[in-house]
Structure formats: structure tokens, C-alpha cells
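Structure first, commentary second.
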Amino acid sequence: MMVYGLRSYLSSTVGKKFVMGVTGLIWAGFVFLHMLGNLLIFAGPEVYNSYAHQLTSSGLIYVAEFILLGALLTHVILAIQLTLSNRAARGSQPYACTARGSKSVLLSSRTMMFHGSMLLVFLITHLMGFKFGNYYETTVNGVVMRDLHRLVVEVFSQPLAVLWYLVALVLLGVHLSHGVGSIFQSLGLKTLSNEALIKSLSWTYAIVVTLGFLSQPIYVFLMMR
């Protein structure tokens, strides 16, 4: 009976939004930590490569990748399902008028599927370029490891690669500015009393993450190539 109730809840709109909130929270946490790791580019090649080596040499990396992949696939599938369901509920006829002011739907909210799709493409190209990209070796404190710093400099010395990252990371900021707030709402944590605070936190998080990620390609392109 409990299993049936759980299955019924997870198949409902409320249940799907809750799961989307959980998977979104997982990725929001990962994105922030990944951004912090990228900032080590400013500490020099040895620090950057040592961090990357410690991160990837542990067996826990496979557990983390499995969780992230599962969360991503679940998030994407549920996003598509909910979008199609919302469109079907509205019907093919557009609204007679568009709400204004506080009731209007933000552009970032209306275009979530668009920049979400673009970010998925970015994630794939990012993995192809770095995780499965050219392999160089270096030695730090007697330990042979991948020279990821050299690969980063190599990639971000190319103007088109930097431009693509700038566009993608701006889209990431737009996605996060709405998505983080939606996490609180999906998990039932958003109320009228904390709505303004959550909106401020969402924008602050999005701006910090976007600027943090942007700093790496800009720094490499301007200062290291």
C-alpha cells in the first residue's frame, strides 16, 4: 500500500516537481563546488593539477558521477514531461491578455526549456573537451598526474572556444536565477514571507557562480595564452 502511494505521488505533478527540486538541488551544489575548483587556476599549475588529481583518483568519483548522471537524466525527463503537460493543459489557444507586474512570468521562466537544452549541449561539449580531451602528463611532488592546467590553457587560447563558453555560462546564470528559486518552491519551502529573500538568494547565487566560471576562460585568454 505504501509503495503504491509513493508511486502515485511520484507520478503526480506535485511529486514530479518535488523530484525536480531534489535533482536541481544536487546539481546546484555540484555547480557551486565545481566553480570553486575552477578558481584554483589562479593558484598556478601545481595547485590546479594536484586538486584535479585528488578529485579524480578517488574511487568515490565514480559514485559521484553516477549520482550526477542519474539526477541530470531525471531532471531533463521530468522537465520535458511537465512542459508538455502544461502546454496540453493550456490548450492551443493563447491567453487573451498577458499578465503584468508581479503576476507576469519572467523571461527566464518562460525560456527554461531553451537554455536548459543549450546547457545540455554545453555539458556534452565540455565533457568531450576536458574529461575526454587531449591527455598531457606532468609531475607534482614526485607524483605523475594529468596536466589538466595545460589543457585548459590550450582550449581557452582559442577565441571561438572562449566565446562559446561565455554564451553558455550566461545562459547558465539565467537558468540558475530562476531554477534555484524553483527548488525552494518544489520542496515546499517557499512562502509569502520568504519569497523576496529566496529571489535575492537565487540571483546572488546565479551571479556568483556565473562570474566565478567566467573568470577562468577570460583570465586564461587574456593573461596566459
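Numerical summary
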quantity	calculated
Net +/- balance of residues flanking Tyr51 in space, Cβ distance below 14 Å, scoring K and R +1, D and E -1	-1
Potential lengthening between Thr138 and Phe30 on full extension [0.36 nm per residue; Cα-Cα distance subtracted]	36.2 nm
Of the DSSP H helices in the chain, those whose Cα atoms cover at least 27 Å axially and whose Kyte score averages 1.0 or more	13-38, 60-90, 159-186, 195-223
Packing-based order for 214-221, 72-79, 194-201, using average beta carbon neighbours within 10 Å, highest first	214-221, 72-79, 194-201
Answer label, with Kirkwood radius over Cα pairs in Å calculated from the coordinates and candidates [x] 17.0; [y] 19.8; [z] 20.4	[y]
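Any read-out appearing in this document is the output of simple, stated calculations on the displayed coordinates, not a laboratory observation. None of these values were measured; they are calculated from a predicted model. Every residue, glycine among them, receives a Cβ derived from its backbone with ideal geometry; neighbour counts consider all protein chains shown.
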